[in-house]
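Asks: Structure below; questions to follow.
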Amino acid sequence: MSAAFDEEAITEGVKAPLMNSSGATGTPSTEVILQWDNLEYEVKNAAEKGSTRTILHQIAGEARAGETIAIIGSSGAGKTTLLNALSGRIVGGKLSGSILYRGAKRHPGTFKRINAYVQQDDLMHPLLTVEETLSYASRLRLPNSRYSAAEKAERVNSVIRNLRLEAARNTKIGDAATRGVSGGERKRVSIGTELLTDPRLLFLDEPTSGLDSNSSELVVELVKSISAERGIATLMTIHQPNARIFNTFDKVILLSQGRTVYFGPTSDAIGYFASIGYQCPMHENPADFFIDLMTLDYRSDETLARSKEQVKELADKFAQHSPETEKTVSELGDESNKDVGSSSSSSSSSTDDNDDSKNDSSHNNHRRSKRISIFNKSSTPTLDMPRNNWLSEYSTLARRDWLNILRNVPFLMGQLIQAIFMSLLIGFMFFYLKHDALSIQNRLGVMFIVIVNATFPILMPMLTLYYKERDIMIRERSSATYRVSAFYVSKVTTLLPIAYVSNLVFFTGVYFISHLVFDAGKYFIGLATFFSMIAVTISYLLLIGSAIKSVEVGFIVAPVIVTIQLLFGGLFSVPGTITPVLRWIRWVNPIQYGFSSLALNEFRGLTFDCDSGQQCYQTGEDVINAYSVGRFTIWQNILLLLMLGAVDAILGYICLRWVAKPRYIWL
Ligand SMILES: Nc1ncnc2c1ncn2[C@@H]1O[C@H](COP(=O)(O)OP(=O)(O)OP(=O)(O)O)[C@@H](O)[C@H]1O
């Protein structure tokens, strides 16, 4: 099933022999998966024009197969920046130094498919169950050429088992509006979707944030256990872990102000700090102790200066320690790697405090061994995954979209109730139109309101849906899960039918209650115009939702443009009378084409009973001429609508590709 892969294909250039930092050739059990050296990251300093700010200073380290490494530091220390730099997800600024994947330069296209990144915010479809979420992820991420449907299902089951999600298997993910799984379960589902592909590297940004200590411990323990079992090199940022969690990690990187204050086996950290004059008090959580040492104290200028001095001293001492440390860390790394996968961390320190932490650790590991089952050993990590074809991606996404939308009862009911309510309101407002002079204005009014109903009531709720899904797509795409085009077409083919069903009810209701010209041909031509207008609205919302990244700005721009289109739609001002400077608007105004088409359809062939002495249009043709709606034929108007829709849809797709394109800096 998991065929062997050509490793040359995933790296650039000549592949270097695998070396650990002491220069020894790596053995499979201590294989260095990721090495980084002299990493510096600079950004523009917003406070001072022309100057830069260094966020990471000369960071070096390595992550080996099966190791779980924590990046710890106070807020703003540079943890996420380091994680992003290592995972190839850093945007903007200037990154320098070197990062090697198994001894060779990383190749962006393939590296992102073999490493997994669990973001801090778990963006998932709230209406899918845990099992469905994992199942769709497996269908999208695992290639059909290598995995049968049964194997994918087995993999999902294995993830559910290993991440202890059996009880939540059929629970919906949920969100602020819908109660779903707990925070810890949600995080484990996020991790599970990333583990489905058997990554070689796992990055987690604050996986315990927002979780209580029990859930946090479980998440970290499971990640550690799975990483060790599967030979995954795992790096995670973490905020103030408790002592038990701290001792779970094989190694820690302690960061302060973008500098390394310590990198090495967790069990040696207390000893190292004691050796440079900072003894961790007995019974104090070592993580809290280290973070206190590394945090700037802003209470006064004096405390700030003192804490800055202390941070500098810690970083300098670690840097001075470096040649020796590199060796020590590497040797210790080898030691700890021997333990990777077993249930205890190495310890070379003999201080009381360290004994304390060792006790914690062994207690922890005892709990872990009881609580954690392991992945199916027969499956080996894969290094690269070929993609599924477009049709397979599209059909999976479309099925997921349909499931999502059909479960979104408030949205569907809202659409239907709105359609019924508006059809009754408008139908009875213009109830049973006669053929007198007054009916002319009313008929024009009905035509216009029908067209308006194909804009706002569809645009706003569907734009909300689209923005949510777009963000999930951008996250999923960062792991090269599927093509943007498959996502985009899937959106068109779900949103359009949903809009058509509810608006068929609306159109039919208005048509018969207000008693427009009863004729099957006119009904269907009117419906064709109305549906073409809906297609333009859907394309327009895809364009806005793709081109404008910010939801807030999108919600301002979208209605403003539609309002302008309404003003120039043909009812409030006759096109020929508009100032020449603004006259071009009609050419790109779908409302004008839609209104013209409906008006032509309704008025053609009509005659009106004018009272004697009353100024009145005698025939429908008179109305058509007076309102200048006869510039194009009905079918030309419909064609122009469809063309505008196609242009919006194509522009939307181009914009989405641009928005979804990762702009990561690579080393
Ligand atoms: N692109 C950027 N432009 C400007 N400043 C940046 C940029 N990236 C990071 N920073 C700054 O670098 C510092 C480190 O940021 P980072 O997010 O890595 O910290 P962190 O340790 O993860 O903090 P937290 O735990 O609060 O998330 C912060 O002060 C942040 O504002």
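Asks: Answer yes if at least one residue in region 189-199 is within 16 Å of the ligand (Cβ to nearest atom), within 19 Å of D122 (Cα to Cα) and touching a residue at least 60 places away in the same chain (Cβ under 8 Å), and no otherwise.
Replies: no
Asks: Identify all residues within region 100-147 that are in a strand (DSSP E or B), surrounded by 20 or more Cβ atoms within 10 Å (Cβ to Cβ) and not polar (S, T, N, Q); write none if there are none.
Replies: L100, Y101, R106, A116, Y117, V118
Asks: Looking only at region 264-271, decide whether some residue is crowded, with 23+ Cβ neighbours inside 10 Å and within 15 Å of the ligand (Cβ to nearest atom).
Replies: No.
Asks: A further question follows. Hey, can you tell me all the residues within region 161-213 that are acidic (D, E) and under 20 Å from T68 (Cβ atoms)?
Replies: Selection gives E194, D198, D205, E206.
Asks: For region 599-607, does any single residue satisfy the condition of being crowded, with 20+ Cβ neighbours inside 10 Å, closer than 30 Å to I474 by Cβ and either modelled with pLDDT under 90 or in the same structural domain as L459 (by TED's automatic domain parsing) (or both)?
Replies: No, region 599-607 has no match at all.
Asks: Could you list, ordered by first residue, the pairs with Cβ atoms under 7 Å in which the first is in region 232-260 and within 10 Å of I71 (Cβ to Cβ) and modelled with pLDDT of 95 or more and the second is within 13 Å of the ligand (Cβ to nearest atom) and aromatic (F, W, Y), at least 6 apart or interchain?
Replies: L235/F203
Asks: So which of R89, R102 ends up being within 15 Å of the ligand (Cβ to nearest atom), basic (K, R) and outside the structural domain of A233 (by TED's automatic domain parsing)?
Replies: R89
Asks: Now for a separate question. Could you check region 68-86 and list, in sequence order, the residues that are more than 12 Å from the ligand (Cβ to nearest atom) and of a type outside the set (A, V, I, L, M)?
Replies: Hit for region 68-86 is T68, nothing else.
Conditions tested, residue by residue: (1) at pLDDT below 50; (2) in contact with a Leu (Cβ under 9 Å, 6 or more places away or on another chain); (3) in a helix (DSSP H, G or I); (4) more than 16 Å from the ligand (Cβ to nearest atom).
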| site | (1), (2), (3), (4) |
| --- | --- |
| A4 | yes, yes, no, yes |
| V14 | yes, no, no, yes |
| P17 | yes, no, no, yes |
| S22 | yes, no, no, yes |
| L34 | no, yes, no, yes |
| E42 | no, yes, no, no |
| L56 | no, yes, no, no |
| A63 | no, yes, no, yes |
| G66 | no, no, no, yes |
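Asks: Still on this structure, please answer the following. Quick one: count up the residues across region 208-259 that are more than 16 Å from the ligand (Cβ to nearest atom) and aliphatic (A, V, I, L, M).
Replies: 10
The values are calculated or read from the model by the stated rules, or taken from the named source; none is laboratory data. Please read all numbers here as calculations on a predicted model, not as lab measurements. Glycine gets a Cβ as well: all are built from the backbone with ideal geometry, and neighbour counts include every protein chain shown.
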